[in-house]
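Asker: Structure provided below as structure tokens; questions to follow.
The values are calculated or read from the model by the stated rules, or taken from the named source; none is laboratory data. As the structure is a prediction and not an experimental result, all values here were calculated from the model. No Cβ is skipped: glycine too gets one built from the backbone with ideal geometry, and neighbour counts run over all protein chains shown.
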Amino acid sequence: MKNKHFLFWSILGMLSAPISASAVATTNTTSTSIDITRNVFVPAPCGGATGEIVELSGSLHIMTITTINGNRSNIQVKFQPQGVSGVGQTTGNTYEGTGATQRTIISDNDAFPLERIEVNNFNIIGHGSDPNSREHDLVHITINANGETTAAIDNSSIICETQ
């Protein structure tokens, strides 16, 4: 009987012993789709002589991956249009919305240092000889432990491809 109690208390002691925070990581992934309707401006010459508004609708798939390892967090959110299509309100051209966006935030759980990276590739693809509009955005911000911004990149472009 004495050995059973010793074994019980030994196992309990191992389970309750402190574990190094860096040795334990938890990851949680969620995935969902939502319906969207969005008006997007397509610049000239893709959207005619002056550009045009394209009303897009469909689904947006959103996947979030959160990893916490000790006092560090890494959050990734990925967005991808699915079945998104629309019509130009000026030209009547039909378009498909494609692409992907990824946001990543890496930080101490207390706030700083922090790094935020966002890459957005959003395309409005015309049918047949209708033009394509391709948007690319890059945002990268680094904030040090003192809360000071040490790096900031904000770069955007929209390219029109005529066929």
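Asker: Can you spot a residue in region 142-150 that is free of Cβ contacts under 8 Å to residues at least 12 places away in the same chain and among the acidic types (D, E)?
Answerer: The answer is yes, given that some residue of region 142-150 is free of Cβ contacts under 8 Å to residues at least 12 places away in the same chain and among the acidic types (D, E).
Asker: Kindly indicate whether L56 is within 22 Å of R134 (Cβ to Cβ), free of Cβ contacts under 8 Å to residues at least 40 places away in the same chain and part of a strand (DSSP E or B).
Answerer: Here the answer is no, as L56 does not meet what is asked.
One line per residue, one yes/no per condition, for (1) closer than 21 Å to T64 by Cα; (2) in contact with a Phe, Trp or Tyr (Cβ under 6 Å, 6 or more places away or on another chain); (3) loosely packed, with under 15 Cβ neighbours inside 10 Å:
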{"position": "Q102", "(1), (2), (3)": "yes, no, no"}
{"position": "F112", "(1), (2), (3)": "no, no, yes"}
{"position": "G126", "(1), (2), (3)": "no, yes, no"}
{"position": "D137", "(1), (2), (3)": "yes, no, no"}
{"position": "E148", "(1), (2), (3)": "no, no, yes"}
{"position": "S156", "(1), (2), (3)": "no, no, yes"}
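Conditions tested, residue by residue: (1) touching a His at 6+ places or on another chain (Cβ under 7 Å); (2) of a type in the set (S, T, N, Q); (3) farther than 25 Å from N28 by Cβ.
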{"site": "Q80", "(1), (2), (3)": "yes, yes, no"}
{"site": "D108", "(1), (2), (3)": "no, no, no"}
{"site": "A111", "(1), (2), (3)": "no, no, no"}
{"site": "L114", "(1), (2), (3)": "no, no, no"}
{"site": "I117", "(1), (2), (3)": "yes, no, no"}
{"site": "N121", "(1), (2), (3)": "yes, yes, yes"}
{"site": "G128", "(1), (2), (3)": "no, no, yes"}
{"site": "E135", "(1), (2), (3)": "no, no, yes"}
{"site": "A145", "(1), (2), (3)": "no, no, yes"}
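Asker: Something else now. Any idea how many residues of region 135-163 are out of contact with any Lys or Arg (no Cβ under 9 Å at 6 or more places or on another chain), within 19 Å of P43 (Cα to Cα) and at pLDDT 90 or above?
Answerer: Within region 135-163, residues that are out of contact with any Lys or Arg (no Cβ under 9 Å at 6 or more places or on another chain), within 19 Å of P43 (Cα to Cα) and at pLDDT 90 or above number 5.
Asker: Let me ask something additional. Any idea how many residues of region 66-116 are acidic (D, E), touching a strand residue (DSSP E or B) at 6+ places or on another chain (Cβ under 8 Å) and farther than 18 Å from R134 by Cβ?
Answerer: Result for region 66-116: 2.
Asker: List, please: which pairs have Cβ atoms under 6 Å, are six or more places apart or on different chains, and start with a residue in region 30-48 that is closer than 16 Å to I158 by Cβ and end with one that is of a type in the set (S, T, N, Q)?
Answerer: Filtered contacts from region 30-48: V42/S133; A44/T50; C46/S133; G48/T90; G48/T91.
The rows are residues; the columns are (1) β-branched (V, I, T); (2) on the phi > 0 side of the Ramachandran plot; (3) more than 16 Å from the chain's Cα centre (by Cα).
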position: P81; (1), (2), (3): no, no, no
position: N93; (1), (2), (3): no, no, yes
position: E96; (1), (2), (3): no, no, yes
position: R116; (1), (2), (3): no, no, no
position: N121; (1), (2), (3): no, no, no
position: I124; (1), (2), (3): yes, no, yes
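Asker: Is there any pair linking a residue in region 96-114 that is farther than 18 Å from S85 by Cβ and in contact (Cβ under 8 Å) with a residue 12 or more places away in the chain to one that is of a type in the set (D, E, K, R) and in a strand (DSSP E or B), with Cβ under 6 Å and at least six apart or on different chains, and which?
Answerer: Q102/K78; R103/E118; I105/R116; I106/E115
Asker: If you check A152 against the conditions, is it in a strand (DSSP E or B) and over 28 Å from I34 (Cα atoms)?
Answerer: yes
Asker: Here is a further query. Being surrounded by 15 or more Cβ atoms within 10 Å (Cβ to Cβ) and modelled with pLDDT of 95 or more narrows it down to one residue among I62, I68; which is it?
Answerer: One residue alone meets the criteria, I62.
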